[in-house]
Amino acid sequence: MNEVLDPVPPLRAGVRLVPTPDGAGSALSDEVLGRRVKLDAAGASLAAALDREQPLAELAARVAGDEGRVRDAVAAFARLFLLATPRAGALAADAERAAAAAEGSRDDVPIVVRGDARFTCTMCGSCCGGHNVPVFDDVLEGLADKIPALEAATRTRKGLFVTLGKRPGAAGQVYCQLTHGSCVFLDDDARCRIHGQWGAEAKPSACRIFPYELVATPDGVAISIQRECRGFVEARAGKRLADDLPNLREVLRLVPELPRVRRVIETTAGRVVTWAEYQALEDRLHDLVDAGDGDHAALFSGLRAEVLGDAAPDGAAGTDLASLRDDLDGIAGGLLSAIGQLKGMMPPPTGETLIRGEALDHFALGLAHLRDELPRVMHPLRRPDLVSLLKDHLHHHLMGKGLAIARTVRVGLGHMAFQWALSLAFAVARAREVKRRHLVAQDVMDGLVMTSFMMRHDAFDGPVLARFDEPIASLFVDRWPALVAHARELPEPDTRLEMVKF
Ligand code: SF4
């Protein structure tokens, strides 16, 4: 049922009627909310007449249209927030504030952190491996006279830097060299040689920004800790971020481009919320996380009910087990096949080059065991360190605006639950390989590191994972209670005789 807008508001400020790129038609361009709506001739005539507030009958007369049809078209414009309604105005104001936080001065934009978020780098050195660090001209210039000393200290025979992607007319990107998967500058005490001798300012900016995660929001720049920090289990007990604001401001100044929350946030498809409404929802999710205990499956059920706005249904009732199994296999099988393709594209090692792809294998290990390990994955966490790790992980994920960046909040929650389940499946499978049953926090942290790395990777997130957004949300949000209730029935029955020889 369309809401009747009478009098009809004009187009919202900033919404403009423009020609389409081919010049053959018209469109409404909404740069604030980042939309462009193509119009037919009747729509263009209506848009041109929306120059002031006016009674519906007057507008219909001006465009010589049937009043019912004009009312429907006006309602369609309103649903797209193109008209100057109070709700559209609130959304536009949110988007403008987020844009100001992203693009304005880094010196005075508010920094938003959670009061209980903590971090102190343990200097474990783990983040100095697993990726190639890009280096830009300012750092290279600063190190120019230090290269001989660094080459001697590192004893590298492959040089300190490598330039990749060089094409005719293009300079290419410089990266730090790796040795055994770790940065060439890492010393035997897991310290950065550049930092140790010439201070943090001499290091590449990527090293100085990590592991902070910064997102522009209407309230300012939200800062949290990425779970690619392998030392997070200990580092999360460090200094309160709220007591480290001068350092965070320095980090903020280093970030070349800030990601920002979606301009139009939908909890589920079509259910748009203002930033204040989203923030209230996120606060309730934080409260649920705080109130959670070892029953992590129940905690995710609570988050699900809050996001979908319905109580968790009885998961055991009326569930089609075959469809649960098929859909779980569809997600795991589809992602495993994509991983296989990515691996197939990697050149084999040669005498000159070693391209590493361990994260693909780790992600695949979790996927391959997800269904069969589901009973353990869904079983309540017994150890307090695992419970507190889960809580800190979820708080930082929410504070990193994981749900406000996703296509919808529901899809973001699906990724959150899927990532947690996959991390546990990986941890269980890896512990089994060395005949260990119990999990400690670092086992699960390794899973979170690996899944975070893959789920944020440019070559995996958009091109691959996005194709599974809907199946993941359907299974890990909509049908989460059923997944929990039937976790023991979903693995493949194993009737083999098992014996251990080695
Ligand atoms: S992995 Fe985390 S704790 Fe370890 S050195 Fe890097 S930032 Fe510090």
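The values are calculated or read from the model by the stated rules, or taken from the named source; none is laboratory data. What you see is a predicted model, and the numbers here were worked out from it, not measured in a lab. Ideal geometry is used to build each Cβ from the backbone, glycine not excepted, and the neighbour counts take in all protein chains shown.
A few remarks follow.
- All conditions but one from (1) small (G, A, S); (2) closer than 28 Å to V307 by Cα; (3) in a loop (DSSP other than H, G, I, E, B); (4) at pLDDT 95 or above apply to G238; the one that does not is (2).
- Selection from the stretch 126-174 of residues that are away from the ligand (no atom under 16 Å from the Cβ), within 30 Å of D446 (Cα to Cα), in a loop (DSSP other than H, G, I, E, B) and aliphatic (A, V, I, L, M): L160
- Scanning the stretch 225-248 for residues that are more than 9 Å from the ligand (Cβ to nearest atom) and acidic (D, E) turns up D243, D244.
- Identity of the residue in the stretch 249-270, more than 26 Å from R410 (Cα to Cα) and in a loop (DSSP other than H, G, I, E, B), that ends up nearest to the ligand (Cβ to nearest atom): V255
Rundown of residues vs (1) in contact with a helix residue (DSSP H, G or I) (Cβ under 9 Å, 6 or more places away or on another chain); (2) closer than 30 Å to S224 by Cβ, yes/no style:
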{"site": "P7", "(1), (2)": "yes, no"}
{"site": "R35", "(1), (2)": "no, yes"}
{"site": "A42", "(1), (2)": "yes, no"}
{"site": "R62", "(1), (2)": "yes, no"}
{"site": "R118", "(1), (2)": "yes, yes"}
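- Any chance V221 is hydrophobic (A, V, I, L, M, F, W, C), over 22 Å from A99 (Cβ atoms) and either away from the ligand (no atom under 16 Å from the Cβ) or part of a loop (DSSP other than H, G, I, E, B) (or both): no
- Residue match in the stretch 132-142 (condition: among the aromatic types (F, W, Y), surrounded by 14 or more Cβ atoms within 10 Å (Cβ to Cβ) and in contact (Cβ under 8 Å) with a residue 40 or more places away in the chain): no
- Check on L160, over 27 Å from the mean Cα position of the chain (by Cα) and farther than 20 Å from T353 by Cα: no
- V32 vs. criteria in a helix (DSSP H, G or I) and not small (G, A, S): no
- Taking the conditions (1) in contact with a His (Cβ under 9 Å, 6 or more places away or on another chain); (2) of a type in the set (G, A, S); (3) over 20 Å from H369 (Cα atoms) in turn, A466 satisfies each one other than (1).
- Residue match in the stretch 191-199 (condition: assigned to a helix (DSSP H, G or I) and near the ligand (Cβ under 9 Å from one of its atoms)): no
- Listed by position, the helices (runs of 4 or more DSSP H) contained in the stretch 366-458 that have at least 2 residues being within 27 Å of H486 (Cβ to Cβ) and of a type in the set (D, E, K, R) are 409-433.
- Taking first residues from the stretch 193-222 that are not assigned by TED's automatic domain parsing to the domain that holds N132 and of a type in the set (D, E) and partners that are more than 16 Å from the ligand (Cβ to nearest atom) and assigned to a strand (DSSP E or B), the Cβ contacts under 7 Å between residues at least 6 apart in sequence or on separate chains come to D219/V112.
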